[in-house]
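A short write-up of the structure that comes next.
The values are calculated or read from the model by the stated rules, or taken from the named source; none is laboratory data. On a predicted model such as this, the values are computed, not experimentally measured, just so you know. Cβ sites come from the backbone with ideal geometry, for glycine too, and all protein chains shown count toward neighbours. When the accessible area is computed, the model is the full protein with side chains, heavy atoms only, and any ligands, DNA or RNA have been set aside. Shrake-Rupley method; radii C 1.70, N 1.55, O 1.52, S 1.80 Å.
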Amino acid sequence: MKVLTISEAAKALPLSEKTLYRLALNGEAPFRKRGGRWMATEEDLLEWIRTGERGGRAPTADPMPPSRGPKRPSIMELVNR
């Protein structure tokens, strides 16, 4: 099982580090903070891309309120840009 940082994942995906950090912070990508670094397994990232899911981790006790802005693109829309 290979584990990737956000920087490593950004090199393999058509997404910037900034976008991956935003998705991770919002719980929309399968990254988890380990030892001060955001990490995800290669398998979790591939499944996340394959399914196009936006929820990458379990909700926290204090979830962020839903956005009142325009609808955000799905992960598949971001990857296919």
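How much of the accessible area of region 1-40, in percent, comes from carbon and sulfur atoms when a 1.4 Å probe is used?
51 percent
By average Cβ neighbour count within 10 Å, what is the ranking of 2-15, 22-35 from highest down?
For the peptides 2-15, 22-35, the packing ranking is 22-35, 2-15.
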